[in-house]
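To start, the structure itself, in C-alpha cells.
The values are calculated or read from the model by the stated rules, or taken from the named source; none is laboratory data. In this text, all values refer to a predicted model and were calculated from it rather than measured experimentally. We place every Cβ from the backbone using ideal geometry, glycine too, and count neighbours over all the protein chains shown. For the accessible areas, the whole protein counts, side chains as well, though only heavy atoms, and no ligand, DNA or RNA atoms are used. Shrake-Rupley method; radii C 1.70, N 1.55, O 1.52, S 1.80 Å.
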Amino acid sequence: MRIRSTVRAAAVLGAAAALTAGCLSSGGGGGGSNNTSNSIEIMYGFTGNQSDDFKAVVSDWAKSNGVTIKFSPTPDFNSLINTRVQGNQLPDIAIFPQPGIMRTIAATGKLTDLSGVVGSDVASNMLDGAVKAGQDDSGTQYAYLVSANVKNGVYYPKKAAQAAGLTSPPQTLDQLQAFTNTIAATGTTPWCFGIEAAAATGWPATDWVEDLMVINYGSDVYDQWVQHKIPFNDPRVLAVLQQMEQLLLTNGHVNGGRSAVASNNFGTAGNPMFDPKPGCYMYRQGNFLTQAGFFPKAVVADLDNTVGVFPMPGKTAESKPVLGGGDMAGLFSGKNDSAKKVIKYLTSTEFQSAMAKKASWYLAPRKDVPLTDYPSKTSQNFATVQNQATEWVFDGSDQMPGAVGSGSFWKEMTAWIAGQEDAKTALDKIEASWPK
C-alpha cells in the first residue's frame, strides 16, 4: 500500500543474524493473542491516508464479525518488527512491505504456513509471480499480497502526446524507441526523469534497470540476478544500462539533460508534461503517482481526461511483463480463530473490492476484483496492465540485501547517471558490495 520502501531500515541487513542468534532460544510460536481471543493486533508500515482507508474498511468488517482489532501502523516497520520478533512480542498479523524481511522472519519458525488457512481461490486468482513473492525458498506460503503496485507505467499528456504523434501506445520496445526518436527530432525532450529522493536518491533508476532486465531476459534470469545466482555485473546487466542510455539518457532525450536527473525530484519530475508547451512527453513511474501530492492539482482533478498511461512494452507485442510490488500479510497467531478470520478477509475479493472502491491509490492483487470497482479509468488501466501480465516480478531492490538494494544500487546508479563513472564501473562496485 505504500508508495515504496524508500528508506528501508538498516535492520534488514542484519536481521537474519540477529534473529537466529537471539530470538530462537525463546521457543517458536510465542506472542500474539491466545487461541480464543477476539482481540487481535495488525502491524504494518503504511501511514497517513493509506492507513486511514485501510482501518475504515477493515473496522467495518470487524464490527460485523465480532472481532476487535488493534491497528499498529509505523513508518519504522522493519526495525520494529525485528525487535518484536526477537523479544517474542508478536502481533497477530503483520503486513510486510518486502519479501526479504518476511522470509527472514519466516526462517525463525514464527510465521504460519497459510496453505492450510486460506482457500485455494486466493492463489488461483493472482498472478504466479505475485503468489511466489509470499513464499520462502522451499515454496512454503507464509504471506499473500493484500495490495499491489504496478511500477512500470508510462504516463503521458493525452492531447499533447497525440498531437506529437502518439496515436496508440507502443506495443514493443522498438516502437517505444522509435517514438522517442521522433519526439527528440522535433527539439523537445521525449522523457521526464528524476531520481532525487533525499536519503533515498537513486531508487527510480533502479526500477528502470529492473524493468529492462525482465523485459529483455524474462523472469527466470531476473530472479537469478536478484538472488545473486548470477553476478550483479553480468554482461546482460551492462547491456541493459547501455539500452537505458540509448532510450532515456542520450543527449536531447531527457528533460533538463542528463546532468539534471540526480537533482530532479521523482515526485514532480513528470509535471513538465502538463506545461502549455510540454517540456517532455513520457514519464515512467508507479501507479502511486495518481494520488494527490505529485501531479499538479488541476491534473489530478481531471485525471482521466488529462493523463494517459501505457505499460513499458515487451520485446514483442505478445510479451507483457510487469514490474510490481506491494504489501503482504503474514500470520503469527496460527491457532487464533479471529486472526485466521482476518487473514482470510484480507486475502478475499470482498476486502480488496471494498478497498478499490474506497481508495483511489489502491490496486488489488486479485484479478477477480471487477474493474468497475475502481474509481477512475486510470486506476482501471493499471489493474488491466497487472491482470494481463505475461510475467509479474516483485521489485528487485526490495528483495536484495539492504547494503545493495537500498545502498550501493541507489548510490552507483546516481553516480553513473550523473556522469561520475561509467556503467561498468558502477556495476563492478555494486557487485563488490554484495555481502559475502
In the chain, taking the dipole from +1 charges on Lys and Arg beta carbons and -1 charges on Asp and Glu beta carbons about the Cα centre, the listed residue (GLY87, GLN224, ALA107) farthest towards the positive end is GLY87
Once amide hydrogens are built 1.01 Å from N within the peptide plane, the residues lying 5 or more places from VAL146 or on another chain with amide H under 5 Å from its amide H are ASP327, MET328, ALA329
Placing +1 on each Lys and Arg Cβ and -1 on each Asp and Glu Cβ in the range 360-409, then taking the dipole about the Cα centre, the residue among VAL393, TRP361, TYR374 whose Cα reaches farthest towards the positive end is TYR374
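Assign unit charges at the C-beta atoms only (+1 for Lys and Arg, -1 for Asp and Glu), then state the dipole size of the range 120-164 relative to its Cα centre in Debye, rounded to the nearest 20. Don't jump to the answer; show the numbers that get you there.
Details: 4 positive and 4 negative charges, 104 e Å.
Rounded to the nearest 20 debye, it is 500 debye.
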Residue by residue through the range 148-159, the couplings from Karplus 6.51 cos²θ - 1.76 cosθ + 1.60 with θ = phi - 60°, in Hz, x for Gly and Pro, are 10, 10, 10, 9, 10, x, 10, 7, 8, x, 3, 5
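Please give the peptides 146-155, 82-91, 167-176 ranked by average Cβ packing (other Cβ atoms within 10 Å per residue), highest first, as a rough proxy for protection.
Working: 146-155: 24.6, 82-91: 18.6, 167-176: 14.9.
My ranking of the peptides, most packed first, is 146-155, 82-91, 167-176.
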Once the in-chain neighbours fewer than 8 apart are removed, the aspartates and glutamates whose Cα is under 13 Å from LYS429 read ASP234, GLU412, GLU421
Simple SL model, points at 7 angstrom along Cα→Cβ for ALA432 and SER263; separation in nm is 2.8 nm
Heavy-atom accessible area of the chain with neighbours in place, 1.4 angstrom probe: carbon+sulfur share in percent works out to 49 percent
Amide H contacts under 5 Å for ASN265, restricted to residues at least 5 apart in sequence or on another chain and with H modeled in the peptide plane, are GLU196
Measuring from its Cα centre, the chain shows a charge dipole (+1 at each Lys and Arg Cβ, -1 at each Asp and Glu Cβ) which, in debye to the nearest 20, is 620 debye
For the pair THR47 and LYS70, the simple spin-label estimate (label points 7 Å beyond Cα toward Cβ) gives in nm 1.9 nm
Taking r as the C-beta separation of ASP422 and GLN388 and R0 as 51 Å, the FRET efficiency to the nearest 0.05 is 0.85
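Residues of the range 235-318: accessible area per residue at 1.4 Å, in Å²?
Each residue of the range 235-318 exposes 42 Å² on average to a 1.4 Å probe.
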Correct semi-axes for the range 73-229, from √(5λ) of the alpha-carbon gyration tensor and rounded to whole Å with the largest first, are 39, 19, 15
FRET efficiency (GLU350, LEU238; Cβ distance; R0 51 Å; to 0.05) is 0.60
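Can you give me the relative contact order of the chain as a percent, contacts being Cα pairs under 8 Å and 6 or more apart? Walk me through the numbers before you get to the answer.
On the way: 824 pairs, mean separation 114.7, N = 436.
For the chain, the relative contact order is 26 percent.
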